[in-house]
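We did not get these values from a lab; they are worked out from the coordinates using the rules stated. Being a predicted model, the structure only gives us computed values, none of them experimental. No Cβ is skipped: glycine too gets one built from the backbone with ideal geometry, and neighbour counts run over all protein chains shown.
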Amino acid sequence: MMCKARYLVPLMAATALSACMQVTPEASRAENAALYFHNDPIVDGSVAKQVDALQQMADEIVMQSTLKGGAIGAAVGCGLAVVASSHIGKCAASAAVGAAGGAIAGRAAGQRSVKKRMQLVHEPELSRSLRNASNQFESLRDDLPGLLAAQEERLNALALQLAGGQISRAEHDRGVAKVNSERAALAEALSLSEADMRRAVRNLQTAAARGQSGLDWHIRTANQLADDVASQRSSISLL
């Protein structure tokens, strides 16, 4: 009988540990990439850099809106053990202790307790990122029209040079293609940022549906950012 008990606790601990390895869906496409703009000030510089900064921020917002989702899944898998430890990182060790004490038998009650005590989304961090992204977007919105106007001037100059015989058709076409390539890159980056913000909205709505309160502002802000980014994307016409 003692021999069976000696192997029972490690087996239960391994089972609980496997629950800690759950993967949360709806992760950002940049989930494994470094987050370059976590606490940095708003990035100044060219419109291309601003668009890139906004895209990175949108990636981070998606990650922040799903980060605690993995934690709650692991916590529920650990049952009462994780409630006693109050830290997901101690899941395996606490599960072993809980198994020895028979706590796994109360798994259903543990799930209810964990859901009440844990938050799916860390609001302060997400609020900061949303405000930074909003500020970054305002900077982009102010500067993008100037860039588009400058590109139109380049296109007009190319047309005049071609008409005056100053450049060849091939040179003209290369200049036009360069402007079009720049616009396409900006449009794609904005489309990706919009998609990330839409994904963040869905994640936050899921968290709210699962019982987390206080996310109304976050959902509205992320949704407004997605709409604003889409509006700026529509202002970029490809040639």
In nm, to one decimal, how far is the modelled label at Arg128 from the one at Asp216, with both set 7 Å along Cα→Cβ?
-> 2.6
Provide the per-residue ³J(HN,Hα) series for the range 225-239, in order, calculated from phi with Karplus coefficients 6.51, -1.76, 1.60 and θ = phi - 60°, each as a whole number of Hz, with x at glycine and proline positions.
-> 4, 4, 5, 5, 5, 4, 5, 5, 4, 5, 7, 9, 9, 7, 8
For an R0 of 35 angstrom, estimate the FRET efficiency from the Cβ-Cβ distance between Leu238 and Gln166 and round to the nearest 0.05.
-> 0.85
